[in-house]
1. Among the residues that make up segment 294-302, is at least one of them part of a loop (DSSP other than H, G, I, E, B) and among the small types (Gly, Ala, Ser)?
2. Residues Ile56, Ile30, Ile87: which one is assigned to a helix (DSSP H, G or I), at pLDDT below 85 and farther than 28 Å from Phe111 by Cβ?
3. Just to be sure before I move on: is Val293 more than 17 Å from Lys340 (Cβ to Cβ), aliphatic (A, V, I, L, M) and either modelled with pLDDT under 90 or surrounded by fewer than 16 Cβ atoms within 10 Å (Cβ to Cβ) (or both) in the structure I sent?
4. Looking at segment 304-322, which of the residues that are touching a Lys or Arg at 6+ places or on another chain (Cβ under 7 Å) and over 18 Å from Ser247 (Cα atoms) is surrounded by the most Cβ atoms within 10 Å (Cβ to Cβ)?
5. Inside segment 66-84, can you point out the residues that are surrounded by fewer than 16 Cβ atoms within 10 Å (Cβ to Cβ) and either under 43 Å from the mean Cα position of the chain (by Cα) or closer than 16 Å to Tyr41 by Cβ (or both)?
6. For Ile269, which of the numbered conditions (1) touching a Phe, Trp or Tyr at 6+ places or on another chain (Cβ under 7 Å); (2) not in a helix (DSSP H, G or I) fails to hold?
7. Kindly indicate which of Ile313, Ile305, Ile329 is part of a helix (DSSP H, G or I) and touching a helix residue (DSSP H, G or I) at 6+ places or on another chain (Cβ under 7 Å).
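The values are calculated or read from the model by the stated rules, or taken from the named source; none is laboratory data. Computed from a predicted model, the values in this text were never measured in an experiment. Here the Cβ is made from the backbone with ideal geometry for all residues, glycine too, and neighbour counts use every protein chain on show.
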Amino acid sequence: MEKINELIEWIQNIELSQIINIIIAIVLVIFTVILSPLISYIISKIFNWKKSKEQIKEGILYNCLKSLIIVGGIYVATLIIGFSKEIDEFIQKIYRLSIVWIIAKTTADAFTKGKILKSKLKGKENDPVINIINKTIKVVLYIFAGYLSFKEFGFDLGSLLTGLGLSTAIIALAAQDTFRDIFSGLSIFWDKPFAIGDYVEIGTTVKTISGTVEEISFRSTKLRTPEDAIVTIQNSNISTQNIINWSVIKKRVYKTNLKLPLETDEATIEKIINRIKFILKYNKDIIKESTNVYFNTIDADGVNINVYVETKIVNYAEYQKLCNKLNLIMLNILETQQVKLAYPGQNIYIKSFEKEDNETKPVKIHSKAVKIEK
């Protein structure tokens, strides 16, 4: 507040020469802002001459230089204006802290976005442990920058830490869920039930969440669902749920049950089974040893032919195409044998009576089968 009052007093006592200095300082700031992208690009191009213009502008060095040039231009402009000694000292502190934070951010980005660790990973850029290391380094750098900021303005960190010590019990109580998530995250890193990029299902038999793993941190895991939405699940919840990792499977199973009408004769059933076996035998996507086609059971509403095969196609989209192809083959085989699939039904028998000589006598029973759709 004292610094602000001094600044207001300085503005009230401003002279003509100082007005000229202010105009020069404003022009300098404007030119700095306009020219900083060009200067940063030229310097960055010297060190990254093989990269395109877009790649350089997205690079860490370019953004760092641009920020330093703008901050430096603003600082020089304040020197041209010529504030009082106290205000100049305050501006110098702000300038030094700006440099510290720019360097901290650049270093953090060099770990999270750059090649400091990636060059040594050998294809493990998405390893959750590496991501945690990057985030830990980033947090440490920002904590260090924050420490320097407090120290620069003369805050007593000892008293602050003492005050925090008195609240340790309250903080620990409030952070129980956080610690539970962290320990669950450690178990995920240790067991590695999935990795970034895997397609997983997490949940129980009642409710599941499926999607591609986007990020794994100590506290939570993020999935991108088939609807392209991001779902964040706490690690403590994941550790108590069933996990199905579809990305590590080596084969998929196709199985179906063909329910034929009860009146289908034995010869027709045998022809259908043999025809299905023949078609599957010469399908290149089917594992030959896994093929099983057999007359399974006889139910009240039909006879069942069970088909079971395995395929090495693990990609879900390609697997769906195979299922579609096999389903059409099954229907085609039934059509060639002039057999339709049975549907759930129930037989109802109706007795009829005729009157003779004033006496009611049961006569011939007419059996009628009535299908009732369920």
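1. Residues of segment 294-302 that are part of a loop (DSSP other than H, G, I, E, B), as a first pass: 300-301.
Filter again for among the small types (Gly, Ala, Ser), leaving 300.
Yes, the conditions are met somewhere in segment 294-302.
2. Values: Ile56 fails: farther than 28 Å from Phe111 by Cβ; Ile30 fails: at pLDDT below 85.
Result of the check over Ile56, Ile30, Ile87: Ile87.
3. On the way: more than 17 Å from Lys340 (Cβ to Cβ): yes; aliphatic (A, V, I, L, M): yes; either modelled with pLDDT under 90 or surrounded by fewer than 16 Cβ atoms within 10 Å (Cβ to Cβ) (or both): no.
No.
4. Kept after step one, since they are touching a Lys or Arg at 6+ places or on another chain (Cβ under 7 Å), are these residues of segment 304-322: 304, 307-308, 310-314, 319.
Still in the running and over 18 Å from Ser247 (Cα atoms): 304, 307-308.
On the way: Asn304: 15, Val307: 20, Tyr308: 14.
Within segment 304-322, the match that is surrounded by the most Cβ atoms within 10 Å (Cβ to Cβ) is Val307.
5. Result: Gly72, single match.
6. Status for Ile269: all satisfied but (2).
7. Details: Ile313 fails: part of a helix (DSSP H, G or I); Ile305 fails: part of a helix (DSSP H, G or I).
None of the other options fit; the residue is Ile329.
Let's see how each residue does on (1) surrounded by fewer than 12 Cβ atoms within 10 Å (Cβ to Cβ); (2) over 28 Å from Ile287 (Cβ atoms):
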{"residue": "Gly211", "(1), (2)": "no, yes"}
{"residue": "Asp228", "(1), (2)": "yes, yes"}
{"residue": "Thr232", "(1), (2)": "no, yes"}
{"residue": "Asn235", "(1), (2)": "no, yes"}
{"residue": "Val248", "(1), (2)": "no, no"}
{"residue": "Asp265", "(1), (2)": "yes, yes"}
{"residue": "Ile273", "(1), (2)": "no, no"}
{"residue": "Ile276", "(1), (2)": "no, no"}
